[in-house]
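Participant: This is the structure I want to talk about, given as structure tokens.
The values are calculated or read from the model by the stated rules, or taken from the named source; none is laboratory data. Given the structure is predicted, the values throughout are model-derived calculations rather than measurements. Cβ atoms come from the backbone with ideal geometry, glycine included; neighbour counts cover every protein chain shown. Remember, those area values only see protein heavy atoms, side chains included, never the ligands or the DNA or RNA. Shrake-Rupley method; radii C 1.70, N 1.55, O 1.52, S 1.80 Å.
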Amino acid sequence: MLQDLPARTDALYERVRRVVPRAEWRLFEDDVEAILRLKRERNAVILAHNYQTPEIFHCVSDIVGDSLALAREAQTVDADVIVMAGVHFMAETAKLLNPTKRVLIPDLRAGCSLAESITAADVRLLRERYPGVPVVTYVNTSAAVKAESDLCCTSGNAKRVVESLGTDRVIMIPDEYLAQNIANETGITMITWAGHCEVHERFTPAEIRRLRADNPGIVVLAHPECPPDVVAEADYAGSTAGMSDYVASGRASRVVLITECSMSDNLAVQHPNVEFVRPCNLCPHMKRITLGTIRRSLETMTHEVSIEPHLAVRARQAVERMLAL
């Protein structure tokens, strides 16, 4: 049976051969074959974030995208089991929107520096300090934090969510840089929290200028979790979905994505005529999700995500208010 693996997985390898060496693919084949079989047996689907590696993103996943896309699509899943190839808060969001389905996260250590930067008690203290000011919580948070919020946002819809409130002051947590960037776009006063993405906070304006000097004519696309002075150096700032759309539009033949570096590999598969310059800041949490951990998750049905019912009801409301926009 193992001798047949190359023939059965060659079609999948064709999708990623530009970014995955054949020798490396040989190490993946057994896991890929097993995952495809286990998905059928378990009636399972895999949701993968844009920061997953190409062999996951392009070869075993059923739904891919940014946090907003995964939150939306999680509601349409016709399966008994959802495996989140992403980080823990994404798995929690999928569970909030699919309370009757079994949601698995392949590695419990796949966390998020933003989610870990704030607690539900912190949100309650902010409400006490700023009574009557609405709380907009980034989806990169725990369900307990979402439950203390008025509504959620993603980097892709944050501007729209904030503007929908019709107020001149908003508590926007926990990403300080995202809040500052949205404040710059909208003119709305943001009460912020000192939470940062450990990937995006490492980029600097000097690095962007060096990239431009070394690569004349390059188009710089930055994620709004980057510091405002980095966003100011970019040609475009937007969510991972926004960056994907920009590349797909054909407006640039040479780009650099100021975000987690696996995204460049995934877009290179889809856009072979675009050259990607790749400064590589890896998310250590996303990289805990591998073909091997996904396979074990499906084999053992671990690790199942659960949310206390009293939290789930309130957190779901915050997410659904966002999706209703």
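Participant: Condition first: in contact with a His (Cβ under 8 Å, 6 or more places away or on another chain) and hydroxyl-bearing (Ser, Thr, Tyr). Now tell me which residues in the range 54-73 satisfy that.
Facilitator: Result: Ser67, single match.
Participant: Would you check if there is a residue in the range 142-158 being in contact with a strand residue (DSSP E or B) (Cβ under 6 Å, 6 or more places away or on another chain), at pLDDT 95 or above, basic (Lys, Arg) and closer than 22 Å to Glu116 by Cβ?
Facilitator: yes
Participant: Quick check on the range 245-270: of everything there that is out of contact with any strand residue (DSSP E or B) (no Cβ under 9 Å at 6 or more places or on another chain) and touching a residue at least 12 places away in the same chain (Cβ under 8 Å), which residue is surrounded by the most Cβ atoms within 10 Å (Cβ to Cβ)? Outline the logic, then answer.
Facilitator: First, pick out the residues of the range 245-270 that are out of contact with any strand residue (DSSP E or B) (no Cβ under 9 Å at 6 or more places or on another chain): 245, 248-250, 262, 269-270.
Then drop every residue that is not touching a residue at least 12 places away in the same chain (Cβ under 8 Å), which leaves 248, 262, 269-270.
Working: Ala248: 12, Ser262: 23, Val269: 16, Gln270: 12.
Among residues in the range 245-270 that are out of contact with any strand residue (DSSP E or B) (no Cβ under 9 Å at 6 or more places or on another chain) and touching a residue at least 12 places away in the same chain (Cβ under 8 Å), the one surrounded by the most Cβ atoms within 10 Å (Cβ to Cβ) is Ser262.
Participant: Now, a different point. Go through the range 23-60 and give me each residue that's closer than 30 Å to Ile258 by Cα and of a type in the set (D, E, K, R).
Facilitator: Of the range 23-60, the ones closer than 30 Å to Ile258 by Cα are 23-25, 27-28, 32, 45-60.
Hits for the range 23-60 are Glu24, Glu55.
Participant: Does Asp66 satisfy the criteria of being open to solvent by 10 Å² or more (accessible area, probe 1.4 Å), touching a Gly at 6+ places or on another chain (Cβ under 8 Å) and touching a residue at least 24 places away in the same chain (Cβ under 8 Å)?
Facilitator: Here the answer is yes, as Asp66 does meet what is asked.
Participant: Okay, next question. Please work out which residue is farthest from His88 (Cα to Cα), limiting yourself to the range 128-172 and to residues that are touching a residue at least 24 places away in the same chain (Cβ under 8 Å) and over 25 Å from the mean Cα position of the chain (by Cα).
Facilitator: Thr167
Participant: Only strands (runs of 3 or more DSSP E) wholly contained in the range 124-191 count here; list those with 1 or more residues that are within 23 Å of Val231 (Cα to Cα) and open to solvent by 60 Å² or more (accessible area, probe 1.4 Å).
Facilitator: 169-173, 189-191
Participant: Tally up the residues in the range 198-212 that are open to solvent by 20 Å² or more (accessible area, probe 1.4 Å) and under 18 Å from the mean Cα position of the chain (by Cα), please.
Facilitator: Result for the range 198-212: 3.
Each row is one residue, and each column tells you yes or no for (1) within 26 Å of His271 (Cα to Cα); (2) surrounded by fewer than 23 Cβ atoms within 10 Å (Cβ to Cβ); (3) of a type in the set (Ser, Thr, Tyr); (4) without any contact (Cβ under 8 Å) to a residue 24 or more places away in the chain.
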| residue | (1), (2), (3), (4) |
| --- | --- |
| Arg40 | no, yes, no, yes |
| Ile56 | yes, no, no, no |
| Val77 | no, yes, no, no |
| Leu96 | no, no, no, no |
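Participant: Among the listed residues Arg169, Arg210, which satisfies the condition of being touching a strand residue (DSSP E or B) at 6+ places or on another chain (Cβ under 7 Å), of a type in the set (Lys, Arg) and modelled with pLDDT of 95 or more?
Facilitator: On the way: Arg210 fails: touching a strand residue (DSSP E or B) at 6+ places or on another chain (Cβ under 7 Å).
The match here is Arg169.
Quick grid of which residues meet (1) more than 19 Å from His285 (Cβ to Cβ); (2) among the aromatic types (Phe, Trp, Tyr); (3) part of a helix (DSSP H, G or I); (4) within 17 Å of the chain's Cα centre (by Cα):
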site	(1), (2), (3), (4)
Leu70	no, no, yes, yes
Glu73	yes, no, yes, yes
Thr76	yes, no, no, no
Ala79	yes, no, no, no
Val83	no, no, no, yes
Met90	no, no, yes, yes
Ala94	no, no, yes, yes
Thr100	yes, no, no, no
Leu108	no, no, no, yes
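Participant: Does Ala34 satisfy being in contact with a Lys or Arg (Cβ under 7 Å, 6 or more places away or on another chain), part of a helix (DSSP H, G or I) and aliphatic (A, V, I, L, M)? Let's see the steps before the verdict.
Facilitator: Details: in contact with a Lys or Arg (Cβ under 7 Å, 6 or more places away or on another chain): yes; part of a helix (DSSP H, G or I): yes; aliphatic (A, V, I, L, M): yes.
Yes.
Participant: Looking only at the range 110-123, filter to residues that are within 27 Å of Leu282 (Cβ to Cβ) and over 16 Å from the mean Cα position of the chain (by Cα); which one of those is most open to solvent (accessible area, probe 1.4 Å)?
Facilitator: Thr119
Participant: For the structure I just gave you, tell me whether Thr300 is in contact (Cβ under 8 Å) with a residue 60 or more places away in the chain, out of contact with any Ser or Thr (no Cβ under 6 Å at 6 or more places or on another chain), open to solvent by 10 Å² or more (accessible area, probe 1.4 Å) and of a type in the set (S, T, N, Q). Walk me through how you get there before you give the answer.
Facilitator: Working: in contact (Cβ under 8 Å) with a residue 60 or more places away in the chain: no; out of contact with any Ser or Thr (no Cβ under 6 Å at 6 or more places or on another chain): yes; open to solvent by 10 Å² or more (accessible area, probe 1.4 Å): yes; of a type in the set (S, T, N, Q): yes.
No; evaluated as a whole, the condition is false for this residue.
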